[in-house]
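Derivation of every value follows stated rules applied to the coordinates shown; laboratory data play no part. Fair warning: this is a prediction, and the values are worked out from it, not measured in the lab. Positions of Cβ are generated from backbone atoms using ideal geometry, with glycine treated the same way; all protein chains shown enter the neighbour counts.
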Amino acid sequence: MRLLGLDPGLQHTGWGVIEAEGSRLSFVAAGTIHSSRTRALAERLVEIHDGLREVIDHYQPAEAAVEETFVNKNPTSTLKLGLARGVVLLTPALFGLKVAEYPANLIKKSVVGAGHAAKEQVQMMVRVLLPAASTETADAADALAVAICHAHHRASLAKWGARDFREVLR
């Protein structure tokens, strides 16, 4: 099954596509969608949407997974990140994909084994788990980590009839 992992950001949105067959994972592609700081906010959101549309059209994933956003100290930055995250959640849903969400700590724990792992540890383990992966940016590596996490947890979520772990924990 082809899975799309997404790491939302207004300036840089990471994406990663993997193939999951049972417990076997293989790298398909990864990259980063960049929005222009000089453009208006609405235009930047369109850039993210259009970039994701191209990725979905080209790689045809069956499901998508998105990293949940943490709250920044700066409320303006948090709001802008939330808007970008909205586009990242909406775009795969418009294509009829099931979209799961995972907290950052669960992603790190799924990939590294520790929920508070450093970014460098996550990137190193992504390269270990997906040796063919070309992770040109930290955002692309983070998106692949989201896809790996989803590959590990999607069967459990399906058994529980949940879209994400918040539903399970209720």
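Annotations for the structure displayed:
- The mean sequence distance of close C-alpha pairs (under 8 Å, at least 6 residues apart), as a share of the length of the chain, puts its relative contact order at 31 percent.
- Ranked Arg44, Arg24, Arg2, criterion: other C-beta atoms within 10 Å, fewest first: Arg24, Arg2, Arg44
- Additional length obtainable on full extension of the chain from Phe70 to Arg39, 0.36 nm per residue less Cα span: 8.7 nm
- Modelled spin labels at Ala132 and Ala29, positioned 7 Å past Cα toward Cβ, are 1.4 nm from each other.
- Convex hull volume per residue for the stretch 20-68, taking Cα atoms only, in Å³: 103 Å³
- Less than 5 angstrom separates the built amide H of Glu68 from those of Tyr102, Ala104, all sequence-distant by 5 or more or on a different chain.
- Cα centroid separation - the stretch 138-156 against the stretch 89-133, whole Å: 3 Å
- Length gained on full extension, Val46 to Ala93, computed as 0.36 nm times the residue gap minus the Cα-Cα distance: 15.4 nm.
- Positive contributions from Lys and Arg (+1) and negative ones from Asp and Glu (-1), summed over other residues with Cβ under 12 Å from the Cβ of Ala138, come out at -4.
- Shown in residue order for the stretch 17-23 are the 3J(HN,Hα) couplings computed by the Karplus curve 6.51 cos²θ - 1.76 cosθ + 1.60 at θ = phi - 60°: 10, 10, 10, 10, 10, x, 8 Hz (x for Gly and Pro).
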